[in-house]
1. For the stretch 74-84, take each phi angle, set θ = phi - 60°, evaluate the Karplus expression 6.51 cos²θ - 1.76 cosθ + 1.60, and give the result in whole Hz per residue in order, putting x for glycine and proline.
2. Per residue of the stretch 90-105, in order, report the coupling 6.51 cos²θ - 1.76 cosθ + 1.60 (Karplus, θ = phi - 60°) as ³J(HN,Hα) in whole Hz, putting x for Gly and Pro.
3. For the stretch 260-340, rounded, prolate or oblate, judged on the Cα gyration tensor with a ≥ b ≥ c (square roots of eigenvalues), a/c < 1.5 rounded, else prolate if a/b > b/c?
4. Pull out a ≥ b ≥ c, the square roots of the eigenvalues of the alpha-carbon gyration tensor of the stretch 165-322, then state rounded if a/c is under 1.5, prolate if not and a/b is larger than b/c, and oblate in the remaining case.
5. Using Cα-Cα distances under 8 Å and only pairs 6 or more residues apart, what relative contact order does the chain have, in percent?
6. Of all accessible surface on the chain at a 1.4 Å probe, what whole percent is carbon and sulfur?
7. Given H placed 1.01 Å from N in the peptide plane, which residues other than close sequence neighbours of residue 74 have an amide H under 5 Å from its amide H?
8. Taking amide hydrogens as modeled 1.01 Å from N in the peptide plane, which residues meet the under 5 Å criterion relative to residue 354, leaving out close sequence neighbours?
Amino acid sequence: MRKIVFINLFLFSLFLSIAQRTHPTIKEESKVPKYILPELLKSDNGKKINNQIEWERIRRPEILEHFSNEMYGIVPANSLSPEVRILEEATIALNSKAIRKQIQLIFRNKIDSISLNILIYTPNKNFKVPAFFGYNFAGNHLIHKDPSILIDGKTEDQLSRHSKEYFNQKKRGERTSRWSIEKIIESGYGIITLNYNDVDPDRNDFSDGVHSLLYNINQTRPEAHQWGSISAWAWGMSRVLDYLETDELIDAKKVVLFGHSRLGKTSLWAGALDQRFCIVISNNSGCGGAALSRRRFGEKVSDITTNWSHWFAKNFKKYSEKESLLPIDQHMLIALMAPRPVYVASASKDSWADPKGEFLSAKEASTVYQLYGLQGLEDEEYPKVNTPIHKKIGYHLRDGKHDVTEYDWRQYIKFANKLLGVKNGNSNSKETWYCYPT
């Protein structure tokens, strides 16, 4: 009798365990469920959107509000003005081909502070240049072997003994393969970067980073509709752009926003929130980025809200295994860039990020670009590997894995050259008609 009871209890617990798991990962196109995407050009009350004015006044604000409330989280309206510290004045660098500048933005409330340590390289020229701007994952000193790049805003001599031991394990230039610095400079662009952890450390802890500076009295975590880490990182990108508008080296009206993986999700959201960014690039951003959620291919909403819940508003968890209930999908996020150029890139061996779902999302967004008389991907089929498409919406499927490569940067530079009118390292400002004024 006891044996039967034990077996029944075991089977029941096994059933509960299986029932609580998310559905198996879809790895084959034939297993993608049928789905219906929310309509881009129909308002919440059923009004058909017929032109760009209706898009900007009616539909775009609705979509932005849905993403804010249900997915990434609303950023508090409270503002913080930074103290700007020049850590290094403009200095000739990289064999005299570039100018290096290092800036620190310090944001404070009455109790705490955060410091954003910004590294800037520009071509060694006497005029403002367009620039690529993106976060790095582990520190400015890893993107290039340049020994003068500061570590957390400090020289190596200024680091504590513990910090020296830690950073010695992360050698300078360890991630140069992801940053084609020389190619970017040679092409006439600047490059701006900082460690995304400066804004909000990437862990499920809302007691640090920028969140803690903007809480209401007695608040310790964001409310269900308030900002997760992606919104915090997007906030940081806008604050850096605020500074760039004052910098004598950078043409702030021609800043190309770039992000890879979770930071590709961030670049799309930052570009949606802040229309000052002239071009937006998403590299391998996958679920919660460029890939359609309703396809459920590779990483799903249930996966990402379980493993990385702090990236999103708590409300997003409601749609775990219930993507069809979302009032939005990611084609609508890409459409929020219109009429500015946007580029989505995938990798052939990155099935977790659903390359085809990323392409279909960009293609669906093209209907909004058509309102402006611009051509997106509406006439394109899913391309073969290494056959880029450079229209007002760009796309490529690169051979290889989840990464950023020299091939990717070549495409981004070509895309920016075409749409910013950059030729032989010089930029024609007349070509930026599609960028929103600052």
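The values are calculated or read from the model by the stated rules, or taken from the named source; none is laboratory data. It should be emphasised that the depicted structure is a prediction, and the values quoted were computed from it without experimental measurement. In this analysis, Cβ positions are derived from the backbone assuming ideal geometry, glycine residues included, and neighbour counts consider all displayed protein chains. Accessible surface is based on the protein model in full, side chains and every heavy atom, while ligands, DNA and RNA are left aside. Shrake-Rupley method; radii C 1.70, N 1.55, O 1.52, S 1.80 Å.
1. 7, 7, x, 6, 4, 10, 10, 9, x, 8, 9
2. After applying 6.51 cos²θ - 1.76 cosθ + 1.60, I find 3, 10, 5, 8, 6, 6, 6, 8, 9, 10, 10, 9, 10, 10, 10, 9 Hz.
3. Verdict is prolate for the stretch 260-340.
4. On the way: a/c = 1.56, a/b = 1.40, b/c = 1.11.
It comes out prolate by the Cα gyration axes.
5. Reported as a whole number, the value is 17 percent.
6. Numbers: 9950 of 19870 Å².
Reported share for carbon and sulfur atoms: 50 percent.
7. It is 226, 227, by chain and number.
8. 299
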